[in-house]
1. Sorting Leu98, Leu235 on the 10 Å Cβ count, fewest up front, what's the list?
2. Efficiency by 1/(1 + (r/R0)^6): what FRET value for Phe20 and Lys112, r their Cβ-Cβ distance, R0 = 35 Å, to the nearest 0.05?
3. Could you tell me the calculated FRET efficiency between Gln102 and Ile61, based on Cβ-Cβ distance and R0 = 35 angstrom, to the nearest 0.05?
4. Too long at a 22 Å Cα-Cα cut-off: which of Lys121/Lys231; Lys9/Lys69; Lys121/Lys226; Lys90/Lys110?
5. What residues from region 242-264 fall in the zone where the backbone N is under 20 Å from a label point 7 Å along the Cα-to-C-beta line of Val120?
6. Enter the Cα centre distance for the pair region 1-26 and region 174-216, rounded to the nearest angstrom.
7. Using the beta-carbon distance between Ile193 and Asn167 and R0 = 22 Å, what value does 1/(1 + (r/R0)^6) give for FRET efficiency, to the nearest 0.05?
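Read-outs: derived from the displayed coordinates by stated rules, not from any lab. Because the structure is a prediction, the values reported are computed rather than measured. FYI the Cβ positions are ideal-geometry reconstructions off the backbone, even for glycines, and counts take in every protein chain you see.
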Amino acid sequence: MYTIGQVAKFLGVSRDTLKFYEKKELLNPKQNSENGYRKYNHLDIYDITTVNFYREIDIEIKKIQELRKSKSIEGIQSLLEEKEQEVLEKIEYNKLLLKKIQIVKEDCEKIKKYLGVYVVKEMKPIEIKGEMEHYTSYDEYDTLKESTDRLKKAVILTSLRRVIRFNDEGMLEDKFIIVRKVEDFDKAIEGEILSHPRCLYTIVEDGRWSTGGKNTDHIVEASIRKVAKEKGYELLGLVYINLLLTTYEEGLERVFLEMYVPIR
């Protein structure tokens, strides 16, 4: 027989946890009527380790109580299969989350390398999943949420691309498209594929810290035209803008945008 302190020590659980299990009728050690001390035998140890296992795999206390009353081997197997599916889904979600984290880390490197610098770069294929007239079109966000690699808990605005069409006289169209990257191994392509082999590529800074909240589209447009003229490139009248990163300075946002400007 073991004391509560001994059990807590070699099973790595607290006394409070053991008392909680007892309160929830998941554990029933013998109790000395004179001093109230509990004594645990090997069967109690089995109970504790079993309850610990169920708690570790996030089985609710209520379900464990039901298991204590009666549950066949088949019933336990079915319960574990349900939990297995939940764990597999969490693993897939965490893989996607890890991928997003790694992408943002790469974006930080891009900002350091290309901020204010113009180079010729390919805009790799993206699949168009839908369009939004404006980023404040909240009723269209459901389409966006369905198109973000199943990453949940938030609307992932990095799946938006702002598209500007222009000519020598000025802006013709300004809209947002909902996209996802097309990987080499992608097979389930449903929407239109968009790509441009040659683009002027740069990263610009926006946000209240650097611009005071003013619209700087005309400044960026002038810079693009200037670089294209100097290099002898013909602009195709399109700009694709992608949000890379938002950070803060003195409480004001600094927004970093990457731009692909197709050229000939």
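1. Exposure proxy ranking, most exposed first: Leu98, Leu235.
2. Values: r = 51 Å, r/R0 = 1.46.
Given R0 = 35 Å and the Cβ-Cβ separation, E is 0.10.
3. 0.40
4. Lys9/Lys69; Lys90/Lys110
5. Once the point is set 7 Å along Cα→Cβ of Val120, 259-264 turn out to lie under 20 Å by backbone N, inside region 242-264.
6. 57
7. Result of the calculation: an efficiency of 0.30.
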